[in-house]
Amino acid sequence: MRSAKHLRFVVLAVFTVMVLVAAVPFWLNRSVNVLLAQTRADQLAQQRLDDILTSMRDAETAQRGFVITGNDAFLEPYERARRTLPSALHDAKELARTDAERASVWRIARVAELKMAELDETILLRRRTGFEATERVVSSLRGKQYMDELRQLVAAEDARGKARRDALRVELLARSGRSFTVSLAATACNILVLGALLLIVMRMLRARRAAAAQLETQAGQLTEAVALTTRHNRELKLVAELLRAVEAVPSLPDAGPVIARTMPKLLPGVAGTLFLLRDDDANRLDRHTQWGTPSDQPLAIDIESCWA
């Protein structure tokens with residue numbers, strides 16, 4: 001009974017360990033997917049900010065070319081920036097996940113809008129008043145300050161994003177290490193539990209074989225006891241029949257044939273001879289009858305020669 005309880009406990013432990021071993025890859029895969037998704041989202045957000053900065057640089061270069069030459073051909077990057085900047089700023093705000101990221105993106109958007117307004121102002125001024133008036137506005141360095149601040153904000157966000165991605169990579173490696181440790185420990189536990197299960201099963205098999213051998217021995221003993229009891233009952237029955245037959249004969253000499261017929265049944269394979277005392281001599285015995293294998297017993301013997 002105890003072995004059966006141990007067996008159920010070990011089977012439950014094996015099942016639990018196997019479920020754990022099977023669940024570890026799923027857990028690791030889910031963790032990896034979550035971390036990779038966070039990394040991709042962070043890279044996409046940073047790429048949006050880098051695109052905004054690149055677009056603003058191109059627009060500033062276009063502004064300078066137009067201010068110097070007055071040629072509208074230089075304004076294509078500026079026009080493209082005016083078309084794409086609102087949606088780029090909107091996407092950057094949507095991709096921000098934390099309050100700190102949203103605050104940083106809003107500052108970047110505000111500075112980018114101020115820079116774009118400064119570009120609009122100088123280009124319009126160049127169209128209306130010419131180079132010299134515009135050059136004085138550009139020389140005030142207001143646009144440069146906006147651009148420097150924008151570069152600093154994007155660079156700072158880039159550094160924070162890199163730190164976040166590095167932290168995600170460290171976390172990914174840590175989870176991978178924990179997963180390996182859990183898998184290794186679960187595998188070792190599985191081996192130990194399977195070994196215990198094998199030991200219990202072998203012990204149960206040995207106990208069952210011992211019980212079967214004991215039952216077989218007891219069955220043999222019972223069979224021998226039944227056979228012995230049957231033989232004893234048969235012998236008692238024969239003895240009873242012999243006694244009734246002897247009592248039924250009119251004289252002792254007449255009991256000889258009865259005894260000769262019954263003794264081979266009572267003692268199979270045993271030969272014998274019946275001697276009776278003489279009527280005229282109490283010291284002599286005459287051979288009266290025999291059964292079984294014929295013997296060379298004399299016809300008469302002294303009473304002292306009879307072992308009975």
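The values are calculated or read from the model by the stated rules, or taken from the named source; none is laboratory data. These numbers were taken from a predicted model, which means no experiment stands behind them. Here the Cβ positions follow ideal geometry from the backbone for every residue, glycine too, while neighbour counts run over all protein chains shown. Just so you know, the surface numbers come from the protein's heavy atoms only, side chains and all, with ligands and any DNA or RNA stripped out. Shrake-Rupley method; radii C 1.70, N 1.55, O 1.52, S 1.80 Å.
Working only within the range 278-291, note down all residues that are touching a Ser or Thr at 6+ places or on another chain (Cβ under 9 Å) and open to solvent by less than 70 Å² (accessible area, probe 1.4 Å).
Leu285, Thr289, Gln290, Trp291
If you go through the range 56-82, how many residues are under 15 Å from Val105 (Cβ atoms) and open to solvent by 20 Å² or more (accessible area, probe 1.4 Å)?
0
Need pairs with beta-carbon distance below 9 Å; first residue under 22 Å from Ala37 (Cα atoms) and among the polar types (S, T, N, Q) and within the range 169-192, second open to solvent by 60 Å² or more (accessible area, probe 1.4 Å) and assigned to a helix (DSSP H, G or I); sequence gap 6+ or separate chains.
If the second residue must be open to solvent by 60 Å² or more (accessible area, probe 1.4 Å) and assigned to a helix (DSSP H, G or I), the pairs left are Ser179/Pro25; Ser179/Trp27.
Of the conditions (1) surrounded by fewer than 12 Cβ atoms within 10 Å (Cβ to Cβ); (2) of a type in the set (Val, Ile, Thr); (3) touching a helix residue (DSSP H, G or I) at 6+ places or on another chain (Cβ under 9 Å), Thr181 fails just one. Which one is it?
Among (1) surrounded by fewer than 12 Cβ atoms within 10 Å (Cβ to Cβ); (2) of a type in the set (Val, Ile, Thr); (3) touching a helix residue (DSSP H, G or I) at 6+ places or on another chain (Cβ under 9 Å), the lone unmet condition for Thr181 is (3).
Considering only the range 32-49, I want to know if a residue exists there that is surrounded by 14 or more Cβ atoms within 10 Å (Cβ to Cβ), under 17 Å from Glu157 (Cβ atoms), modelled with pLDDT of 90 or more and not β-branched (Val, Ile, Thr).
no
Name the residue, out of Ala240, Ala210, Ala248, that is free of Cβ contacts under 8 Å to residues at least 12 places away in the same chain, farther than 23 Å from Thr289 by Cβ and either of a type in the set (Ser, Thr, Tyr) or loosely packed, with under 11 Cβ neighbours inside 10 Å (or both).
Exactly one of Ala240, Ala210, Ala248 is free of Cβ contacts under 8 Å to residues at least 12 places away in the same chain, farther than 23 Å from Thr289 by Cβ and either of a type in the set (Ser, Thr, Tyr) or loosely packed, with under 11 Cβ neighbours inside 10 Å (or both), namely Ala210.
Tell me which of these Gly256 doesn't satisfy, since it passes every other one: (1) open to solvent by 50 Å² or more (accessible area, probe 1.4 Å); (2) outside any loop (DSSP other than H, G, I, E, B); (3) not aliphatic (A, V, I, L, M).
(1)
Return the pair list, or none, for Cβ contacts closer than 8 Å from residues in the range 115-133 that are open to solvent by less than 90 Å² (accessible area, probe 1.4 Å) to residues that are acidic (Asp, Glu), at least 6 apart or on different chains.
Final answer for the pair search is Lys115/Glu60; Leu119/Glu60.
With Arg102, Arg169, Arg178, Arg164 as the choices, which residue is of a type outside the set (Val, Ile, Thr) and closer than 30 Å to Tyr78 by Cβ?
Arg102
Among the residues of the range 83-109, write down those that are open to solvent by less than 30 Å² (accessible area, probe 1.4 Å) and either over 53 Å from the mean Cα position of the chain (by Cα) or among the charged types (D, E, K, R) (or both).
Answer for the range 83-109, where residues must be open to solvent by less than 30 Å² (accessible area, probe 1.4 Å) and either over 53 Å from the mean Cα position of the chain (by Cα) or among the charged types (D, E, K, R) (or both): Leu85, Glu101, Ala109.
Among the residues of the range 266-277, write down those that are at pLDDT 75 or above and exposed (fewer than 14 other Cβ atoms within 10 Å of the Cβ).
Those that are at pLDDT 75 or above and exposed (fewer than 14 other Cβ atoms within 10 Å of the Cβ): Pro268, Val270.
Looking only at the range 284-301, filter to residues that are in contact with a Pro (Cβ under 8 Å, 6 or more places away or on another chain), of a type outside the set (Ser, Thr, Tyr) and in a strand (DSSP E or B); which one of those is farthest from Ile259 (Cα to Cα)?
By that ranking, first place goes to Arg287.
Just to be sure before I move on: is Glu216 acidic (Asp, Glu) and either at pLDDT 75 or above or within 60 Å of the chain's Cα centre (by Cα) (or both) in the structure I sent?
The answer is yes for Glu216.
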